[in-house]
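First up is the structure itself, then whatever we jot down about it.
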Amino acid sequence: MASRASIVFAHGLWADGSCFNKLIPALQAEGHQVSASQHGLDSLEGDVACVTRSIDHVPGPVVLVGHSYGGTLITKAGTHDRVGALVYIAALAPSEEETSQDQQDKYARTPVFEHIDVADGRIWLLESGVGDFCGDLPEAEQKLVLATGAVPVPDLFDQQVPGTAWRTKPSWYIVANNDRTVNPDLERAAAERMGAKTYAVDSSHVPMLSHPDLVLDVIRDAAKTLEA
């Protein structure tokens, strides 16, 4: 058997790399090297470059895991020759003909976008919108998500760079049935389009926090395909 696959995480908006903190210790204990990209949401090009640096930093074959907008990042960065599997968590996955916003605009607007504020050149999630983002978490965890949120520039979803890794790489997709941030219909259509091995869970937008055991099992399944 080959050595353990490495795992690289890519976060989205309003939840930074700490949103994977229920997954990372278990994966490390099982012998995986893990890196969570801490990109600044300043530009798509810069965020993809940051994820690519994380890929370059870990050894061997890589499972690339993206949450939300992180799905756009793994779709782009996943063309890296050492990435062997892609795991999407309630994520965007635009094709080469789409931006992130183009993909979102094909589906009904979700409730969270009634609770945002554009200020200081960033899009902030208001406290009133936390329930639409991660409402199935305990109150203390919801407050932690809000406090550590990653805040994007307003035009981030309109930016584009080349790369559609799911065209050629095996993919896994976790659909969050109760998502009020990314439309679950978008998630189901994205999973079907990429031919992903698909799992559905009755979760808010953050299944890695509300259903970490399921998400871990999906990542393990993807890793096994690289280690066999």
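The values are calculated or read from the model by the stated rules, or taken from the named source; none is laboratory data. Small disclaimer: the values here were computed from a predicted structure and weren't measured. Cβ: placed from backbone, ideal geometry, glycine included. Neighbour counts: every protein chain shown. These area figures cover heavy atoms from the full protein model, side chains too; ligands, DNA and RNA do not enter into them. Shrake-Rupley method; radii C 1.70, N 1.55, O 1.52, S 1.80 Å.
Here are the numbers for the structure shown:
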{"item": "First in the stretch 215-228 and at pLDDT 95 or above, second anywhere and assigned to a helix (DSSP H, G or I), Cβ under 8 Å, 6 or more apart", "result": "215/207; 215/208; 216/26; 216/27; 219/27"}
{"item": "Filter result (crowded, with 18+ Cβ neighbours inside 10 Å and within 25 Å of residue 4 (Cα to Cα)) within the stretch 200-219", "result": "207, 208, 209, 211, 215, 218, 219"}
{"item": "Leading residue by the ranking (most open to solvent (accessible area, probe 1.4 Å)) among those in the stretch 99-108 that are free of Cβ contacts under 8 Å to residues at least 60 places away in the same chain and more than 30 Å from residue 220 (Cβ to Cβ)", "result": "105"}
{"item": "Verdict on residue 68 being surrounded by 20 or more Cβ atoms within 10 Å (Cβ to Cβ), without any contact (Cβ under 8 Å) to a residue 40 or more places away in the chain and either under 18 Å from residue 174 (Cβ atoms) or in contact with a Ser or Thr (Cβ under 6 Å, 6 or more places away or on another chain) (or both)", "result": "no"}
{"item": "Residue list for the stretch 170-197, filter: in contact with a strand residue (DSSP E or B) (Cβ under 8 Å, 6 or more places away or on another chain), under 23 Å from residue 15 (Cα atoms) and open to solvent by less than 70 Å² (accessible area, probe 1.4 Å)", "result": "171, 172, 173, 174, 175, 176, 177, 182, 184, 187, 190, 191"}
{"item": "Residue in the stretch 73-94 that is over 24 Å from residue 180 (Cβ atoms), open to solvent by less than 50 Å² (accessible area, probe 1.4 Å) and out of contact with any Leu (no Cβ under 9 Å at 6 or more places or on another chain) present", "result": "no"}
{"item": "Residue satisfying all of: in the stretch 7-22; in contact with a Phe, Trp or Tyr (Cβ under 9 Å, 6 or more places away or on another chain) and within 18 Å of residue 123 (Cβ to Cβ); surrounded by the fewest Cβ atoms within 10 Å (Cβ to Cβ) among these", "result": "13"}
{"item": "Long-range neighbours under 6 Å by Cβ, at least six apart or interchain, first residue closer than 12 Å to residue 88 by Cα within the stretch 175-195, second of a type in the set (S, T, N, Q)", "result": "176/203; 191/198; 194/171"}
